[in-house]
Amino acid sequence: MNKNSFTNYRLLANSSDSPHISILAPAYNEGANIIENVRSLLSIYYSNMEVIIINDGSKDDSLEKLIQAYELFNSEHFVDERLSTKPIRGVYKSRNPIYNKLIVVDKENGGKADALNVGINISKNDYIVCIDVDCILEQDAILKLVKPFLESASHRVIATGGVVRIANGCEIADGRLIKVHLPDQLLPRMQTLEYIRAFLLGRMAWSRLGGLMLISGAFGAFDKEIAIKCGGYNHKTVGEDMELVVRMRRYMEEMKLPYRVSFIPDPLCWTEAPSDFKILGRQRNRWTRGTIETLKIHKVMFLNPKYHLMGMLSYPYWFFFEFLAPIIEFMGIIYFIISVIFGLVNFLNFLSLLLMIYTFGILYSVFAILMEVRTYNQYKEPKDMIRLFLTAILEPVILHPFGVWSAIMGNIDFLRKKSSWGEMTRAGLSGAKK
């Protein structure tokens, strides 16, 4: 934060020398909110950019709404097909010069990875920013996201990501975040605490170590040249965001090129979290399958000194603590139940260990809340801090066990070769507080 206080973002926003970026936003059946979402992207405070909306074979009226709202016409647009994708049905631009940054691509349905590859083929700029179309960006999000590309002289920055926050309960108007509120529902509130821990502590630490393996698919920037050389997004995995970052890092290691994957600790992107266990379970199931697929594809890096920190620390960490940990924990619970049945448990030792682990989990969450208060302090009302502390007490006995179960189901679905995302129905940010 001290370092960023010297940065003049206004100068960067208006400079013709600032990096040229292409924002890629895949959309599938987003007709309910597509107009507001695109308006939000077009209002971002940055000059050298284009906004590419990829309509991935939507079955609703998404395309018709875009054509009408933004005065679009089917244009003759050159497509450099460097990445293989599903066929493009049309490329639309606006007759209104106000929307000259907007490009809408209509294509056959092929999934998010395929849609992003189409966006890469269409884009004309050196850097791509991939975003979920239903996310809400801070006005200066792009300015902060491109800063690492300008700062590094000795290393090539191949990807950057920022903090993703939960928008449930926040005040949203015309695709813009008006006021931040802590979610009223317990499940989104537990995910809010989880995201604070993961982004402000976990990813920040991995970034400082130089071992970050994941840029959130909701919002991340990439060096387009390296992404294309690596083959773009892999449409055969449900964890295409993590897999691309790992593949780009692996490429740079094998080419012996100095590089860096950066992380911006600023809250840049707000997204809707699942508000019921059914949808949350599908999300965590998919995350598990994506992790396993990525680890399997790049297993050559496991404890391989050729890949330096990635091979000796990052990959093993993901293998043991993200992939194996839920399986070991689940098996441990089964073993404990059997031990209780046969009278093999020393309950004094058990309760002592349980209290230690439970207390450690709460303290870790409390430390994350403290970091949030001392830095960006998004939740300013005192009652919000109390609610977050109470959430820290409940989360280990509600969200964590559910996450373990979802990971077990993800492993089972992986063995069954299930490759679908599962329906991710959302209430919509338009239903947020007014």
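Observations
- Residues that are in a loop (DSSP other than H, G, I, E, B) and over 23 Å from Tyr376 (Cα atoms), drawn from region 1-42: Ser15, Ser16, Asp17, Ser18, Pro19, His20, Tyr28, Asn29, Glu30, Gly31, Ala32, Asn33
- Flag if Val79 is in contact (Cβ under 8 Å) with a residue 24 or more places away in the chain and assigned to a strand (DSSP E or B): no
- Residue that is nearest to Thr85 (Cα to Cα), among those in region 17-32 that are surrounded by 19 or more Cβ atoms within 10 Å (Cβ to Cβ) and more than 20 Å from the chain's Cα centre (by Cα): Pro19
- Selection count where residues are in contact with a Ser or Thr (Cβ under 9 Å, 6 or more places away or on another chain) and in a loop (DSSP other than H, G, I, E, B), scope region 325-383: 2
Each row is one residue, and each column tells you yes or no for (1) in contact with a helix residue (DSSP H, G or I) (Cβ under 8 Å, 6 or more places away or on another chain); (2) farther than 29 Å from Gly290 by Cβ; (3) surrounded by fewer than 18 Cβ atoms within 10 Å (Cβ to Cβ).
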position: Ser47; (1), (2), (3): yes, yes, yes
position: Glu50; (1), (2), (3): no, no, yes
position: Asp56; (1), (2), (3): yes, no, no
position: Ser62; (1), (2), (3): yes, no, no
position: Asn74; (1), (2), (3): no, yes, yes
position: Tyr92; (1), (2), (3): yes, yes, no
position: Pro97; (1), (2), (3): no, yes, yes
position: Gly111; (1), (2), (3): no, no, no
position: Asp114; (1), (2), (3): no, no, no
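- Residues in region 371-388 that are aliphatic (A, V, I, L, M) and under 20 Å from Leu186 (Cα atoms) were compared, and the one that is most open to solvent (accessible area, probe 1.4 Å) is Ile386.
- Gly332 vs. criteria in contact with a Leu (Cβ under 7 Å, 6 or more places away or on another chain), open to solvent by less than 70 Å² (accessible area, probe 1.4 Å) and not hydrophobic (A, V, I, L, M, F, W, C): no
- Breaking point among (1) outside any helix (DSSP H, G or I); (2) open to solvent by 50 Å² or more (accessible area, probe 1.4 Å); (3) modelled with pLDDT of 90 or more, for Gln68: (1)
- Restricted to strands (runs of 3 or more DSSP E) entirely inside region 171-243, those with at least 2 residues that are open to solvent by 30 Å² or more (accessible area, probe 1.4 Å) and not small (Gly, Ala, Ser) are 176-179.
- Candidates are the residues of region 398-434 that are at pLDDT 95 or above and under 25 Å from His181 (Cβ atoms); the one that is least open to solvent (accessible area, probe 1.4 Å) is Leu399.
- Verdict on Arg165 being open to solvent by 10 Å² or more (accessible area, probe 1.4 Å), basic (Lys, Arg) and not in a loop (DSSP other than H, G, I, E, B): no
The values are calculated or read from the model by the stated rules, or taken from the named source; none is laboratory data. Everything numeric in this text was worked out from a predicted model, so none of it was measured. In this analysis, Cβ positions are derived from the backbone assuming ideal geometry, glycine residues included, and neighbour counts consider all displayed protein chains. Ligands, DNA and RNA are stripped out before the accessible areas are found, and what is left, the full protein with its side chains, is counted by its heavy atoms. Shrake-Rupley method; radii C 1.70, N 1.55, O 1.52, S 1.80 Å.
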